[in-house]
Amino acid sequence: MTEKTAVTPAGHTTPPARFSHGVRKGNILQVAGQVGFLPAKEGEPPTVAGPGLREQVEQTLANVAAVLEEGGASWEDAVMLRVYLTDTAHFAEFNEVWDAYFGAEGRVTVPAARTTVYVGLPAGLLVEIDALAVLG
């Protein structure tokens, strides 16, 4: 039986409940929902990247990428991304940021599948993204 391993990048904030930022089992890596928190500073509460959607999406993607990397994966290994937005009015702006990020030269050859849903998140948070990656 393949061992299940927790994946936590250095600098990630402590989750608000008992769960892992990522879990790897065999060649599967599941990244828990990440939000736009800046890297943690010891003894200080989590800080959101900014009040705007763009800043939060960019930081959220950086946080997902950090978990992927810590788990031995990259965006190329991501097969499914789930996006949670708090406001339907953010969809067009979100897609602009998304396309700029994943359209960057060499970021991915084949984009992952994506689902976008609308949810309530804690005050100040506008976006959450999780990922499923298959390695090797």
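Loop-located GluC sites (Glu not before Pro) in the stretch 1-55 (DSSP state not H, G, I, E or B) with no more than 10 neighbouring Cβ atoms inside 10 Å: Glu3, Glu42. A simple charge model with +1 on the Cβ of Lys and Arg, -1 on the Cβ of Asp and Glu and nothing else charged puts the dipole of the stretch 23-93 at about 240 debye relative to its Cα centre. Excluding Arg107 itself, calculate the net charge of residues whose Cβ lies under 12 Å from the Cβ of Arg107, where each Lys or Arg counts +1 and each Asp or Glu counts -1. Once positives and negatives cancel, what remains is -3. Here the sum of -39500 (n - 2.57) over DSSP H runs of 4 or more residues, divided by the residues of the chain, equals -7000 deg cm²/dmol at 222 nm, to the nearest 500. Do any GluC sites (Glu not before Pro) in the stretch 73-119 lie in a DSSP loop with no more than 13 other beta carbon atoms within 10 Å, and if so, which? When the GluC sites (Glu not before Pro) of the stretch 73-119 are filtered for loop state and at most 13 Cβ neighbours within 10 Å, Glu105 remain. Charge dipole of the chain (Cα centre as origin; +1 on each Lys and Arg Cβ, -1 on each Asp and Glu Cβ, all else neutral): 460 debye, rounded to the nearest 20. What's the longest bit of the chain with no exposed trypsin sites (Lys or Arg not before Pro), using DSSP loop states and at most 12 other Cβ atoms within 10 Å as the test? Free of exposed loop sites, the longest segment is 42-136.
For the chain, a Gaussian network of Cα nodes joined below 10 Å ranks Val117, Val64, Val48 by mean-square fluctuation, and the top entry is Val117.
Each of Ala78, Val64, Ala89 was placed along the dipole of the stretch 23-94 (beta-carbon charges, centred on the mean Cα), and the one lying farthest toward the positive end is Ala78. Taking chymotrypsin sites (Phe, Trp or Tyr not before Pro) across the stretch 1-78, the ones in a DSSP loop with at most 15 further Cβ atoms lying within 10 angstrom of their Cβ are Phe19.
Here the spin labels are modelled as points 7 Å beyond Cα on the Cα-Cβ line, and at Phe102 and Val117 they lie 1.8 nm apart. Remark: the Cα gyration tensor places the chain in the oblate category, a/c being 1.5 or greater and a/b not exceeding b/c.
The portion of the accessible surface of the chain made up by carbon and sulfur, rounded to a whole percent, is 54 (1.4 Å probe; DNA, RNA and ligands excluded).
The values are calculated or read from the model by the stated rules, or taken from the named source; none is laboratory data. These figures come from a predicted structure and were not determined experimentally. All Cβ positions, glycine included, derive from the backbone under ideal geometry; neighbour counts span all protein chains shown. Please note that ligands, DNA and RNA were not included when accessible areas were found on the heavy atoms of the full protein model with its side chains. Shrake-Rupley method; radii C 1.70, N 1.55, O 1.52, S 1.80 Å.
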